[in-house]
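A.B. asks: What follows is a structure written as structure tokens; I'll ask about it next.
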Amino acid sequence: MTAPVHAQLAALSSYLPEAVLTDDDLAAQHPGWDVARAAASTGVHARHVAAPGEWTSHLAASAVRRLLAEHDLDPASVDALIVCTQSPDLVLPATACLVQERAGLGSHVAALDVSLGCSGWVYGLALARGLVETRQAERVVLVTADALTRLVNPGDPQLRVLFGDAATAALVTGGAEGPRFLGATFGTDGRGARHLLAVNGGLAPGEERAPGSSPEARGLTPSGRDVYMDGPEVFAFTLRTVPGALDTCLRRAGLTVDDVDLFVFHQANAVMLESLRRRIGLPPEKFVVDLATTGNTASSSVPLALQAAVRAGRAGPGDRVALVGFGIGYSWAAVVVQL
């Protein structure tokens, strides 16, 4: 009988665009905005912004090249590529095809896109794990990448302050002595789609809009896709959904909060994170808040926060880390990973 293969998160790297937009920059550009007040609630004081001509595929390929270099990986050893993005370069082809070429991966690579936002990395880990543990791939590179600032109306103070551009690349392989992915749970509630979406972002503009979501209704000049977010609705969804999702995840893993060494949630904003921490009853020393210099980076926020925690010595080999994503869709996911 063939021994089972257990997938593991083997490596993680990231790429942040060089340009940085600070709160002072925003205040200088928009004297009428109360940037300091917004920063106090979001916890964001700077965010990286993709350069002109630097698209999502460029961010993603930079993250993959960094993963290969930092971890001395042979590009030819990668046999699957998953790219999670909601700001693709083009409607078609898949961004993963562009990333495969730009990152120098072989033509034998299976490459596909996953269109998810804030829950995307946790979903992507599940897909990568499935490929590895069913022996359909040995080394899977999971990428998150978004140029979110390109989707935000330049005149929208709420979202200009919040979002930043980023990409991450993770390697999922076999070889673990035992299960490393524990107690995963997922969920979707499409009734919330209208509360967080890119207006005019697809082929059916206006189909899922909430009343008042158009740029004109918000006092903005239309600029393209114009992301809309109903903050109170998204906040309410988060508080009523995430605690239960984490509880289900831990129960399936046979764990309690005390058994988990670190909790890494989607870095939505500082107020939301603190509200969740208090609602669930998590100790501050086991809870990661890391968005002050990157902002909300959608699917990249969980891996960026995990990477920062590992670099700071807050998590290491053998530790159990709960990864929780939630947001646009509505979509949510949670898993405990043993590093």
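A.B. asks: Of the peptides 299-311, 317-329, 179-191, how do they stack up when ordered by the mean number of other Cβ atoms within 10 Å, highest first?
C.D. replies: Answer by packing, highest mean first, reads 299-311, 317-329, 179-191.
A.B. asks: Limiting things to C-alpha atoms, what are the Rg and the maximum Cα-Cα separation (Dmax) for the chain, in angstroms?
C.D. replies: Over the chain's Cα set, Rg and Dmax evaluate to 19.3, 69 Å.
A.B. asks: Roughly how many nanometres apart are two label points built 7 Å out from the Cα toward the Cβ at E177 and D319?
C.D. replies: 2.0
A.B. asks: If one puts a single equal scatterer on every Cα of the range 260-339 and applies the Debye formula without solvent, what log₁₀ I(q)/I(0) results at q = 0.11, 0.12 Å⁻¹?
C.D. replies: Values, matching the q order: -0.25, -0.30.
A.B. asks: Suppose R0 equals 30 Å; then what is the FRET efficiency for A204 and D259 from their Cβ-Cβ distance, rounded to the nearest 0.05?
C.D. replies: That pair, A204 with D259, gives E of 0.10.
A.B. asks: In addition: What FRET efficiency comes out for the pair S77/A3, r = Cβ-Cβ distance, R0 = 22 Å, nearest 0.05?
C.D. replies: The calculated FRET efficiency here is 0.55.
A.B. asks: Which whole-number percent gives the relative contact order of the chain, counting Cα pairs below 8 Å spaced six or more residues apart?
C.D. replies: RCO, the chain: 24 percent.
A.B. asks: Taking the Cα centre as origin and putting +1 on Lys and Arg beta-carbons and -1 on Asp and Glu beta-carbons, what dipole magnitude results for the range 266-339, to the nearest 20 debye?
C.D. replies: Charge dipole, the range 266-339, about its Cα centre: 140 debye, nearest 20.
A.B. asks: Also, quick follow-up: Quick check for me: using +1 on Lys/Arg Cβ and -1 on Asp/Glu Cβ, what's the dipole size of the range 182-338 about its Cα centre, in debye to the nearest 20?
C.D. replies: 120
A.B. asks: Distance in nm between label sites at A36 and S275, each 7 Å beyond Cα in the beta-carbon direction?
C.D. replies: It works out to 2.5 nm between the two label points.
A.B. asks: To the nearest 10 degrees, how steep is helix 56-70 against the longest Cα principal axis of the chain, on a 0 to 90 scale?
C.D. replies: It works out to around 40 degrees.
A.B. asks: Return H6, H48 ranked ascending by Cβ neighbour count within 10 Å, so the fewest neighbours appear first.
C.D. replies: Neighbour counts put them in this order, fewest first: H6, H48.
A.B. asks: Suppose R0 equals 22 Å; then what is the FRET efficiency for Q136 and R252 from their Cβ-Cβ distance, rounded to the nearest 0.05?
C.D. replies: After rounding, the FRET efficiency stands at 0.40.
A.B. asks: Quick one: compute a quarter of the convex hull surface over the Cα atoms of the range 182-338 and quote it in nm².
C.D. replies: Orientation-averaged projected area of the Cα hull: 10.0 nm².
A.B. asks: Here's a follow-up. Mind checking which of V91, S57, W332 is farthest towards the positive end of the chain's charge dipole, using Cβ charges of +1 (Lys, Arg) and -1 (Asp, Glu) about the Cα centre?
C.D. replies: W332
A.B. asks: Compare the Cα positions of Q136, H266, G281 along the charge dipole of the chain (+1 at Cβ of Lys, Arg; -1 at Cβ of Asp, Glu; about the Cα centre) and return the one farthest towards the positive end.
C.D. replies: Farthest along the dipole direction, towards plus: G281.
A.B. asks: To continue, here is another question. Given all pairs of different Cα atoms, what value in angstroms does the Kirkwood hydrodynamic radius of the range 54-165 take?
C.D. replies: For the range 54-165, the Kirkwood estimate is 14.6 Å.
Values quoted throughout were computed directly from the atomic coordinates according to the rules given, and no laboratory measurement underlies them. Note that the coordinates shown come from a computational prediction; the quantities given were computed from them, not determined experimentally. In this analysis, Cβ positions are derived from the backbone assuming ideal geometry, glycine residues included, and neighbour counts consider all displayed protein chains.
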